[in-house]
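Let me begin by presenting the structure, written as structure tokens, before commenting on it.
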Ligand code: SD4
């Protein structure tokens, strides 16, 4: 046993997956194996509107999903974007992470790869998501509502007993996004980053602003420089927010979770409410809430 065990996930919706897979994790399952399991639990759940099955569709009424996987032992990184009708984007991202080339595929090419590799296909638009899409379309016209709203990416990361630090993300992106729009979630350093020598971080919020600030990479760099998880994430989120405000006058929602190699976790947000799930050595997943005041 080399290091302290710790896992953290964005949003309360990750909780059931932790409970479901707790026994296998307790038995010593490695992070590279259970991170996809935990992400898949969220992808499979039909009532989470922002990830996987039941995720909200784009402007054209089509569900397009982004996902990424990073293994901090080898820096293996795999991602897909704009994929339609595959049940578990995280599994495809994980498989791509071991490819020497072509580790990030989008759209048609990603789907061709996934079909050839035999990944499970499934119509991902649910009746409920379609109904919400119809309502939103009407509201945008009648009430002048902004299309982009209602988006919660799942990001899960852990350090296991051997000291491997692994992270995964999966999302349907922004509701009513343009066809082909890619968010931060599958982009290294923006949506996630993991390095077993330092720690891991991942983000949820307005992808367009997260990409502008590479906030996940910044959080890991702060940990690499010796900051604890919480100090690193506090500084990275406030710095990114201030940078956006300075340059653009406004900053979108940014929430980040992280773990450091000493088994500490951290979470920070520039929003009014951000929930996350933490599991430590006691193997009891717990939901926490934070806000922009810490
Ligand atoms: C995106 N960051 O595609 C994602 C959406 C999200 O909480 O996380 N929302 O921009």
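The values are calculated or read from the model by the stated rules, or taken from the named source; none is laboratory data. If you're wondering where the values come from, they're calculated on a predicted model, not measured in any experiment. Cβ coordinates were reconstructed from backbone atoms using ideal geometry, including for glycine residues, and neighbour counts include every protein chain displayed.
Suppose we filter 93, 129 for residues that are assigned to a helix (DSSP H, G or I), modelled with pLDDT of 95 or more and within 16 Å of the ligand (Cβ to nearest atom); which single one remains?
The unique qualifying residue is 93.
How many residues are at pLDDT 85 or above and either within 30 Å of residue 71 (Cα to Cα) or in contact with a strand residue (DSSP E or B) (Cβ under 9 Å, 6 or more places away or on another chain) (or both) when one looks only at the range 132-156?
Here the count works out to 4.
Please find, within the range 103-133, the residue that is nearest to residue 87 (Cα to Cα) out of those that are without any contact (Cβ under 8 Å) to a residue 12 or more places away in the chain and loosely packed, with under 11 Cβ neighbours inside 10 Å.
Checked the range 103-133; the qualifying residue nearest to residue 87 (Cα to Cα) is 118.
When residues of the range 240-266 are filtered for being surrounded by 13 or more Cβ atoms within 10 Å (Cβ to Cβ), away from the ligand (no atom under 16 Å from the Cβ) and not in a helix (DSSP H, G or I), how many remain?
8
In the range 14-31, which residues are buried (at least 21 other Cβ atoms within 10 Å of the Cβ) and in contact with a helix residue (DSSP H, G or I) (Cβ under 8 Å, 6 or more places away or on another chain)?
Matches in the range 14-31: 14, 17, 18, 25.
Within the range 228-239, track down each residue that is buried (at least 19 other Cβ atoms within 10 Å of the Cβ) and either in contact with a strand residue (DSSP E or B) (Cβ under 6 Å, 6 or more places away or on another chain) or closer than 15 Å to residue 263 by Cβ (or both).
Selection gives 229, 232, 233, 234, 237.
When the range 136-155 is examined, which residues are found to be crowded, with 21+ Cβ neighbours inside 10 Å and touching a helix residue (DSSP H, G or I) at 6+ places or on another chain (Cβ under 6 Å)?
154
Going by the conditions given, is residue 192 surrounded by fewer than 23 Cβ atoms within 10 Å (Cβ to Cβ) and either within 16 Å of the ligand (Cβ to nearest atom) or under 17 Å from the mean Cα position of the chain (by Cα) (or both)?
no
What number of residues within the range 53-70 are under 22 Å from residue 277 (Cβ atoms), away from the ligand (no atom under 13 Å from the Cβ) and buried (at least 23 other Cβ atoms within 10 Å of the Cβ)?
Summing the residues that are under 22 Å from residue 277 (Cβ atoms), away from the ligand (no atom under 13 Å from the Cβ) and buried (at least 23 other Cβ atoms within 10 Å of the Cβ) in the range 53-70 gives 2.
Which of the residues spanning the range 75-90 are within 15 Å of residue 192 (Cβ to Cβ) and either assigned to a loop (DSSP other than H, G, I, E, B) or more than 16 Å from the ligand (Cβ to nearest atom) (or both)?
75, 76, 77, 78
Which one of 166, 106 is away from the ligand (no atom under 16 Å from the Cβ) and touching a strand residue (DSSP E or B) at 6+ places or on another chain (Cβ under 8 Å)?
Details: 106 fails: away from the ligand (no atom under 16 Å from the Cβ).
Selected residue: 166, the only one of 166, 106 that is away from the ligand (no atom under 16 Å from the Cβ) and touching a strand residue (DSSP E or B) at 6+ places or on another chain (Cβ under 8 Å).
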